[in-house]
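Participant: Below: one structure in C-alpha coordinates.
The values are calculated or read from the model by the stated rules, or taken from the named source; none is laboratory data. Quantities reported herein were computed from a predicted structural model and do not represent experimental measurements. Here the Cβ positions follow ideal geometry from the backbone for every residue, glycine too, while neighbour counts run over all protein chains shown.
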Amino acid sequence: MPESQGGNAPKALRIDVRTPFGRLQGNLAVPPGGMRLSELAWNAMAFDERLIGMAVKSEADAGRHVSCRAGCGACCRQAVPLSPAEAWMIADVVAAMPPDRHAEVLARFAAARDRLHTAGFADRSLTSADDEQMSVLGLDYFRLGIACPFLEAESCSIHPNRPSACREYLVSSPAELCSDPASSAIVPIPTAASLTDALSRLCAMVMGGEPQAIPMTLALEWAAANREAGQTRYDAGQLMGTLFDLLGPEPE
(Lines give C-alpha, C1' and ligand atoms only; values in the text may rest on other atoms or scores of the structure.)
Protein backbone atom coordinates (compact mmCIF):
# COMPACT_ATOMS: atom_id res chain seq x y z
CA MET A 1 0.00 0.00 0.00
CA PRO A 2 2.55 2.62 -1.08
CA GLU A 3 1.96 6.35 -0.89
CA SER A 4 -0.14 7.65 -3.74
CA GLN A 5 1.63 9.83 -6.29
CA GLY A 6 -1.62 11.42 -7.48
CA GLY A 7 -2.87 14.98 -7.08
CA ASN A 8 -3.38 16.90 -3.88
CA ALA A 9 -7.14 17.43 -4.20
CA PRO A 10 -9.08 16.19 -1.12
CA LYS A 11 -11.19 13.09 -1.69
CA ALA A 12 -14.28 11.73 0.03
CA LEU A 13 -14.54 8.18 1.32
CA ARG A 14 -18.00 6.69 1.52
CA ILE A 15 -18.52 4.89 4.84
CA ASP A 16 -21.14 2.20 5.32
CA VAL A 17 -20.47 0.03 8.37
CA ARG A 18 -23.06 -2.42 9.68
CA THR A 19 -23.13 -2.92 13.44
CA PRO A 20 -25.38 -4.77 15.91
CA PHE A 21 -26.77 -1.33 16.80
CA GLY A 22 -27.53 -0.18 13.28
CA ARG A 23 -25.68 1.15 10.25
CA LEU A 24 -23.22 3.99 10.34
CA GLN A 25 -23.09 5.78 7.02
CA GLY A 26 -21.57 8.99 5.74
CA ASN A 27 -18.75 10.61 3.81
CA LEU A 28 -15.31 11.09 5.33
CA ALA A 29 -12.76 13.53 3.97
CA VAL A 30 -9.50 11.84 3.00
CA PRO A 31 -6.40 14.03 3.35
CA PRO A 32 -4.36 14.26 0.13
CA GLY A 33 -1.01 12.53 -0.05
CA GLY A 34 0.44 10.01 2.35
CA MET A 35 -0.49 9.19 5.92
CA ARG A 36 1.49 7.65 8.78
CA LEU A 37 -0.18 4.84 10.71
CA SER A 38 -0.21 7.03 13.84
CA GLU A 39 -2.17 9.64 11.91
CA LEU A 40 -4.62 6.99 10.75
CA ALA A 41 -5.17 5.95 14.38
CA TRP A 42 -5.82 9.52 15.48
CA ASN A 43 -8.25 10.16 12.61
CA ALA A 44 -10.13 6.96 13.43
CA MET A 45 -10.85 7.96 17.05
CA ALA A 46 -13.78 10.22 16.14
CA PHE A 47 -15.37 7.34 14.21
CA ASP A 48 -14.76 5.04 17.19
CA GLU A 49 -16.60 7.52 19.42
CA ARG A 50 -19.61 7.32 17.11
CA LEU A 51 -19.60 3.52 17.27
CA ILE A 52 -19.32 3.65 21.07
CA GLY A 53 -22.12 6.21 21.25
CA MET A 54 -24.43 3.85 19.38
CA ALA A 55 -23.67 1.06 21.84
CA VAL A 56 -24.11 3.32 24.87
CA LYS A 57 -27.48 4.54 23.58
CA SER A 58 -28.66 0.99 22.98
CA GLU A 59 -27.75 0.03 26.54
CA ALA A 60 -29.37 3.17 27.96
CA ASP A 61 -32.58 2.39 26.07
CA ALA A 62 -32.56 -0.97 27.88
CA GLY A 63 -32.06 0.72 31.25
CA ARG A 64 -28.33 0.04 31.58
CA HIS A 65 -26.15 3.12 31.97
CA VAL A 66 -22.39 3.69 31.97
CA SER A 67 -21.09 3.81 35.55
CA CYS A 68 -17.52 4.90 34.67
CA ARG A 69 -16.62 8.29 36.13
CA ALA A 70 -13.59 10.52 36.62
CA GLY A 71 -11.79 9.38 39.76
CA CYS A 72 -12.45 5.69 39.12
CA GLY A 73 -9.05 4.51 37.91
CA ALA A 74 -9.08 0.75 38.41
CA CYS A 75 -9.08 0.11 34.66
CA CYS A 76 -6.00 2.35 34.40
CA ARG A 77 -4.01 -0.44 36.04
CA GLN A 78 -4.83 -2.88 33.28
CA ALA A 79 -2.49 -3.66 30.40
CA VAL A 80 -4.44 -1.43 27.95
CA PRO A 81 -3.51 -3.18 24.68
CA LEU A 82 -2.51 -0.86 21.85
CA SER A 83 -2.14 -1.52 18.16
CA PRO A 84 1.22 -0.48 16.67
CA ALA A 85 -0.53 2.54 15.11
CA GLU A 86 -1.73 3.63 18.55
CA ALA A 87 1.67 3.08 20.14
CA TRP A 88 3.11 5.56 17.61
CA MET A 89 0.14 7.86 18.25
CA ILE A 90 0.85 7.87 22.01
CA ALA A 91 4.53 8.54 21.29
CA ASP A 92 3.45 11.58 19.24
CA VAL A 93 1.27 12.80 22.13
CA VAL A 94 4.17 12.57 24.58
CA ALA A 95 6.64 14.17 22.17
CA ALA A 96 4.35 17.21 21.83
CA MET A 97 4.22 17.88 25.59
CA PRO A 98 5.96 20.91 27.17
CA PRO A 99 9.50 20.08 28.41
CA ASP A 100 8.69 19.75 32.13
CA ARG A 101 5.60 17.69 31.50
CA HIS A 102 7.44 15.61 28.91
CA ALA A 103 10.22 14.77 31.39
CA GLU A 104 7.72 13.84 34.11
CA VAL A 105 5.76 11.48 31.87
CA LEU A 106 8.94 9.90 30.48
CA ALA A 107 10.05 9.17 34.05
CA ARG A 108 6.75 7.42 34.77
CA PHE A 109 7.05 5.32 31.62
CA ALA A 110 10.62 4.39 32.56
CA ALA A 111 9.58 3.31 36.06
CA ALA A 112 6.72 1.19 34.70
CA ARG A 113 8.96 -0.34 32.03
CA ASP A 114 11.60 -1.26 34.61
CA ARG A 115 9.02 -3.01 36.76
CA LEU A 116 7.69 -4.95 33.79
CA HIS A 117 11.15 -6.03 32.69
CA THR A 118 12.04 -7.04 36.26
CA ALA A 119 8.88 -9.12 36.44
CA GLY A 120 9.74 -10.76 33.10
CA PHE A 121 6.50 -9.47 31.62
CA ALA A 122 7.85 -7.49 28.67
CA ASP A 123 9.00 -10.49 26.66
CA ARG A 124 5.51 -11.98 26.89
CA SER A 125 3.80 -8.73 25.96
CA LEU A 126 5.48 -8.02 22.65
CA THR A 127 4.35 -11.21 20.96
CA SER A 128 1.11 -11.74 19.09
CA ALA A 129 -1.64 -13.20 21.26
CA ASP A 130 -5.15 -14.52 20.80
CA ASP A 131 -8.06 -13.50 23.01
CA GLU A 132 -7.47 -16.26 25.58
CA GLN A 133 -3.76 -15.45 25.85
CA MET A 134 -4.52 -11.74 26.17
CA SER A 135 -6.93 -12.48 29.02
CA VAL A 136 -4.22 -14.34 30.93
CA LEU A 137 -1.66 -11.64 30.19
CA GLY A 138 -4.11 -8.97 31.30
CA LEU A 139 -4.78 -10.57 34.68
CA ASP A 140 -1.06 -11.16 35.30
CA TYR A 141 -0.38 -7.54 34.44
CA PHE A 142 -3.14 -6.23 36.71
CA ARG A 143 -1.70 -8.13 39.67
CA LEU A 144 1.49 -6.06 39.33
CA GLY A 145 -0.51 -2.95 40.27
CA ILE A 146 1.28 -0.64 37.82
CA ALA A 147 -0.67 2.54 37.13
CA CYS A 148 -0.82 3.97 33.62
CA PRO A 149 1.81 6.73 33.29
CA PHE A 150 -1.00 9.13 32.37
CA LEU A 151 -3.06 8.41 35.51
CA GLU A 152 -3.30 11.41 37.83
CA ALA A 153 -5.70 11.70 40.79
CA GLU A 154 -7.29 8.45 39.55
CA SER A 155 -8.23 10.15 36.27
CA CYS A 156 -6.78 10.12 32.74
CA SER A 157 -4.59 13.16 32.09
CA ILE A 158 -4.75 12.65 28.29
CA HIS A 159 -8.46 11.85 28.12
CA PRO A 160 -9.10 13.51 24.70
CA ASN A 161 -6.08 11.64 23.27
CA ARG A 162 -6.64 8.26 24.92
CA PRO A 163 -6.42 5.12 22.73
CA SER A 164 -9.39 3.09 21.56
CA ALA A 165 -9.13 0.37 24.24
CA CYS A 166 -9.70 3.03 26.91
CA ARG A 167 -12.62 4.54 25.00
CA GLU A 168 -14.29 1.18 24.45
CA TYR A 169 -13.90 -0.22 27.98
CA LEU A 170 -17.12 0.89 29.66
CA VAL A 171 -19.24 -0.88 32.27
CA SER A 172 -22.75 -0.56 33.67
CA SER A 173 -21.96 -2.45 36.89
CA PRO A 174 -20.87 -0.64 40.10
CA ALA A 175 -17.42 0.94 39.64
CA GLU A 176 -15.97 -0.73 42.75
CA LEU A 177 -16.28 -4.15 41.10
CA CYS A 178 -13.58 -3.17 38.60
CA SER A 179 -10.93 -3.63 41.31
CA ASP A 180 -11.15 -7.33 40.37
CA PRO A 181 -11.14 -7.54 36.55
CA ALA A 182 -11.76 -11.30 36.71
CA SER A 183 -15.07 -10.80 38.53
CA SER A 184 -18.07 -12.26 36.75
CA ALA A 185 -20.16 -9.48 38.29
CA ILE A 186 -18.64 -6.86 35.98
CA VAL A 187 -21.08 -5.96 33.21
CA PRO A 188 -19.29 -4.41 30.21
CA ILE A 189 -21.05 -2.24 27.67
CA PRO A 190 -20.86 -4.29 24.44
CA THR A 191 -19.24 -2.42 21.58
CA ALA A 192 -19.92 -2.76 17.87
CA ALA A 193 -16.29 -3.42 16.97
CA SER A 194 -12.77 -3.21 18.37
CA LEU A 195 -10.76 -0.44 16.74
CA THR A 196 -7.63 -1.78 18.48
CA ASP A 197 -8.12 -5.13 16.76
CA ALA A 198 -8.87 -3.58 13.37
CA LEU A 199 -5.81 -1.33 13.56
CA SER A 200 -3.61 -4.24 14.68
CA ARG A 201 -4.74 -6.32 11.71
CA LEU A 202 -4.25 -3.42 9.33
CA CYS A 203 -0.72 -2.79 10.63
CA ALA A 204 0.10 -6.48 10.12
CA MET A 205 -1.22 -6.27 6.56
CA VAL A 206 0.93 -3.30 5.55
CA MET A 207 4.02 -4.05 7.68
CA GLY A 208 4.06 -7.85 7.51
CA GLY A 209 4.00 -10.28 10.40
CA GLU A 210 1.22 -11.04 12.86
CA PRO A 211 -1.11 -8.58 14.65
CA GLN A 212 0.45 -7.22 17.83
CA ALA A 213 -0.96 -6.03 21.15
CA ILE A 214 1.38 -3.69 23.01
CA PRO A 215 0.71 -2.70 26.66
CA MET A 216 0.38 1.06 27.13
CA THR A 217 3.33 1.17 29.52
CA LEU A 218 5.62 -0.28 26.84
CA ALA A 219 4.31 1.93 24.03
CA LEU A 220 7.17 4.44 24.03
CA GLU A 221 9.81 1.71 24.15
CA TRP A 222 8.15 -0.11 21.26
CA ALA A 223 7.64 3.08 19.23
CA ALA A 224 11.29 4.08 19.64
CA ALA A 225 12.50 0.62 18.60
CA ASN A 226 10.30 0.80 15.50
CA ARG A 227 10.66 4.50 14.75
CA GLU A 228 11.59 4.09 11.07
CA ALA A 229 8.51 1.98 10.33
CA GLY A 230 6.39 4.56 12.13
CA GLN A 231 7.56 7.30 9.75
CA THR A 232 6.50 5.41 6.62
CA ARG A 233 3.64 7.05 4.73
CA TYR A 234 0.94 5.11 2.93
CA ASP A 235 -1.86 6.07 0.58
CA ALA A 236 -4.42 7.69 2.90
CA GLY A 237 -7.49 6.61 0.95
CA GLN A 238 -6.40 2.99 0.79
CA LEU A 239 -5.48 2.95 4.50
CA MET A 240 -8.80 4.39 5.59
CA GLY A 241 -10.86 2.26 3.22
CA THR A 242 -9.16 -0.93 4.42
CA LEU A 243 -9.64 0.04 8.06
CA PHE A 244 -13.38 0.54 7.62
CA ASP A 245 -13.62 -2.79 5.80
CA LEU A 246 -11.95 -4.43 8.80
CA LEU A 247 -14.37 -2.72 11.19
CA GLY A 248 -17.34 -4.22 9.37
CA PRO A 249 -18.79 -7.66 10.15
CA GLU A 250 -16.94 -10.80 9.15
CA PRO A 251 -18.25 -12.25 5.86
CA GLU A 252 -20.74 -15.05 6.35
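Participant: So, ASN43, is that one surrounded by 15 or more Cβ atoms within 10 Å (Cβ to Cβ) and polar (S, T, N, Q) or not?
Facilitator: Yes.
Participant: Still on this structure, please answer the following. Considering only the stretch 48-66, state which residues are closer than 19 Å to GLY26 by Cα and in contact (Cβ under 8 Å) with a residue 60 or more places away in the chain.
Facilitator: ASP48, GLU49, LEU51, ILE52, MET54, ALA55
Participant: Also, I was wondering about something else. Just give me the residues in the stretch 159-190 being closer than 14 Å to ALA44 by Cβ and either among the polar types (S, T, N, Q) or outside any helix (DSSP H, G or I) (or both), in sequence order.
Facilitator: ASN161, ARG162, PRO163, SER164, listed by residue number.
Participant: Further, regarding this structure: So in the stretch 191-202, with the set limited to residues that are among the polar types (S, T, N, Q) and part of a helix (DSSP H, G or I), which one is farthest from the chain's Cα centre (by Cα)?
Facilitator: SER200
Participant: For the stretch 150-166, does any single residue satisfy the condition of being under 18 Å from the mean Cα position of the chain (by Cα) and surrounded by fewer than 13 Cβ atoms within 10 Å (Cβ to Cβ)?
Facilitator: Among the residues of the stretch 150-166, at least one is under 18 Å from the mean Cα position of the chain (by Cα) and surrounded by fewer than 13 Cβ atoms within 10 Å (Cβ to Cβ), which makes the answer yes.
Participant: Looking at (1) farther than 20 Å from LEU13 by Cα; (2) in a helix (DSSP H, G or I), which is the only condition THR232 fails?
Facilitator: For THR232, the exception is condition (2).
Participant: Please tell me if THR232 is more than 19 Å from the chain's Cα centre (by Cα), within 23 Å of ALA96 (Cα to Cα) and modelled with pLDDT of 90 or more.
Facilitator: yes
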